[in-house]
Amino acid sequence: MYFSELNLCSEILLALDEKGYETPTKIQAEAIPKILSGCDILGGSQTGTGKTAAFTLPILEQLKNRKSESKKPLVLILTPTRELAAQVHESIITYGKNLCISSSVAFGGVNIKPQVRALKQGSTILVATPGRLLDLAGQGVLNLSQIETLVLDEADRMLDMGFIHDIRKVMKLIPPKRQTLFFSATYSIAIKKLADNLLTNPHKIEVTRKNTAAETVKQSMYNVPKSRKRDLLAHLIIKGDWNQVLVFTKTKHAANRLAKFLCSQNISAEPIHGNKSQSARTRALNNFKSYKTRVLVATDIAARGIDIDQLPHVVNYELPQVAEDYIHRIGRTGRAGSSGEAISLIDKAEKSMLKSIERLMKRSIYVNRFDDFSLEPKEHNRPSENKDRERSPRQRDGQNRRRNDNKNRRKNFKKDQPSSKETKEGNNGQNNQKRATHSRSSKGHSGNPSKGKKQLRSSSSQQRTEKRNFNKHRPSNK
Ligand code: AMP
């Protein structure tokens with residue numbers, strides 16, 4: 001089939017041609033005619049199957065001859081994340097570049113004023129995340145009473161992120177008589193319930209088997225102790241000469257730590273997660289897309305909207321907490337028919353999650369064998385480094401020396417400890433005792449109890465001086 005057989009206008013066909021699309025993907029071939037005929041759609045489609053074009057192309061086609069009588073939006077596209085909202089909006093601009101249809105995007109984490117300005121000027125299509133949308137509606141700058149088409153993109157993720165209440169609020173602001181296009185990569189009972197509420201006699205499209213990962217993604221795993229994961233990752237990247245790798249961690253802190261470690265191994269890496277400002281997230285994503293950064297270390301939510309043509313490698317550094325997220329993660333590669341590789345690094349504690357994932361996909365994941373990588377702990381993988389702490393040898397020497405000094409001080413102090421009567425000074429007795437610990441021990445004081453009180457009073461200033469002296473006289477490592 002060709003796009004020209006789908007009743008799309010020449011302006012859209014030209015844009016598709018310029019984008020290099022030759023034939024519609026399966027979901028596009030099925031959804032576009034149905035949407036053009038006015039049907040509601042329930043789309044079970046993985047990311048990377050071309051579903052964005054499947055709903056944006058017919059929407060643009062429907063709007064192409066509409067004269068905008070008011071500045072209110074006619075189409076609302078809801079997405080769970082900022083990245084996905086930006087991505088969908090980009091697609092609208094790309095596919096609609098030869099048409100005169102206004103559109104704007106609204107999401108949180110950035111200044112609201114430009115979004116307010118864009119809405120005041122008038123936007124026929126609005127792409128938004130639920131929170132910012134309600135903010136704008138609450139401020140009275142957005143009126144959704146003219147909405148004719150509602151799209152819920154990645155509805156499963158919206159529920160996972162707790163947007164159900166926001167979605168219900170949005171529903172109250174838009175007309176009940178409308179066309180609704182509902183897309184979800186996975187189907188839970190909650191998703192079915194939401195779809196039943198929102199859709200009227202929908203046309204169901206199931207592009208791939210339920211809860212399966214894109215067939216084009218080659219999936220495999222390594223059994224590896226937690227403490228060796230980061231070295232294995234660095235090894236795989238260097239050995240395989242991977243130049244664009246999306247790595248998933250469970251937490252924001254783990255993402256930060258891993259990116260830092262990879263940089264220390266001369267592998268350029270940046271973290272992307274919800275604690276980063278929107279501009280930092282956009283910058284990290286752009287650096288990654290333009291090959292300035294080799295590795296993007298992401299948490300699940302931040303990675304949701306990442307769409308990179310032919311992203312070759314996805315690594316699950318840690319398995320997700322929810323099995324369905326595995327499918328979303330690996331769906332970042334192998335998009336629109338291109339091939340991709342998803343590798344998971346699995347430690348003992350993750351075995352049960354691995355089983356859940358395999359059960360969900362109804363297939364097992366191939367286990368790779370180690371060729372030239374040893375699982376023996378490396379020099380820098382001492383037990384204390386299980387927490388991924390990174391210290392230079394110089395820092396470690398300093399730390400060991402300080403530890404020994406403190407041990408000696410404690411020993412001396414115990415020897416010199418005056419009786420409890422002498423150290424208890426009213427209510428402050430305990431605090432003073434603590435301060436006295438430093439002043440006495442660092443001076444190697446003999447512990448004469450009669451000197452105790454005077455010393456206690458001046459202890460904090462002494463402590464400061466001693467710290468200065470200690471640092472001054474510390475032997476240099478150079
Ligand atoms: P999506 O599933 O909408 O996130 O799309 C995944 C990727 O497929 C995007 O990078 C699109 O640019 C690309 N794509 C969508 N439709 C086609 C098509 N018909 N031919 C080639 N690539 C496409």
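Can you say whether GLY48 is near the ligand (Cβ under 6 Å from one of its atoms) and not aliphatic (A, V, I, L, M), as far as the supplied structure shows?
yes
Looking only at residues that are under 13 Å from the mean Cα position of the chain (by Cα) and within 16 Å of the ligand (Cβ to nearest atom) in region 317-346, which one is modelled with the highest pLDDT?
Taking the candidates together, the pick is ARG329.
Would you check if there is a residue in region 53-61 being of a type in the set (S, T, N, Q) and away from the ligand (no atom under 16 Å from the Cβ)?
Restricting attention to region 53-61, the residues satisfying the condition of being of a type in the set (S, T, N, Q) are 56.
Keeping just the survivors that are away from the ligand (no atom under 16 Å from the Cβ) gives none.
No, every residue in region 53-61 fails to be of a type in the set (S, T, N, Q) and away from the ligand (no atom under 16 Å from the Cβ).
Between a first residue in region 35-63 that is free of Cβ contacts under 8 Å to residues at least 12 places away in the same chain and a second residue that is more than 9 Å from the ligand (Cβ to nearest atom), which pairs have beta carbons less than 9 Å apart while being 6 or more apart in sequence or on different chains?
SER37/HIS203
Filter region 1-57 down to the residues that are farther than 24 Å from LEU150 by Cα and of a type in the set (D, E, K, R), then identify the one that is modelled with the lowest pLDDT.
GLU22
Regarding region 117-134, can at least one residue be identified that is outside any helix (DSSP H, G or I), in contact (Cβ under 8 Å) with a residue 60 or more places away in the chain and over 19 Å from the mean Cα position of the chain (by Cα)?
Yes: one or more hits.
Looking at (1) near the ligand (Cβ under 8 Å from one of its atoms); (2) out of contact with any strand residue (DSSP E or B) (no Cβ under 8 Å at 6 or more places or on another chain); (3) within 16 Å of TYR2 (Cβ to Cβ), which is the only condition ILE32 fails?
Among (1) near the ligand (Cβ under 8 Å from one of its atoms); (2) out of contact with any strand residue (DSSP E or B) (no Cβ under 8 Å at 6 or more places or on another chain); (3) within 16 Å of TYR2 (Cβ to Cβ), the lone unmet condition for ILE32 is (1).
Do you know which of the residues in region 189-222 that are surrounded by fewer than 15 Cβ atoms within 10 Å (Cβ to Cβ) and of a type in the set (Gly, Ala, Ser) is modelled with the lowest pLDDT?
Within region 189-222, the match that is modelled with the lowest pLDDT is ALA190.
Which of the numbered conditions does VAL314 fail, given that it passes all the others? Conditions: (1) within 15 Å of the ligand (Cβ to nearest atom); (2) modelled with pLDDT of 85 or more; (3) in a helix (DSSP H, G or I).
Going through the list (1) within 15 Å of the ligand (Cβ to nearest atom); (2) modelled with pLDDT of 85 or more; (3) in a helix (DSSP H, G or I), VAL314 breaks only (3).
The values are calculated or read from the model by the stated rules, or taken from the named source; none is laboratory data. Predicted, not measured: the structure shown is a model, and the values here were computed from it. When we count neighbours, we look across all protein chains shown, and the Cβ atoms used for this are built from the backbone with ideal geometry, even at glycine.
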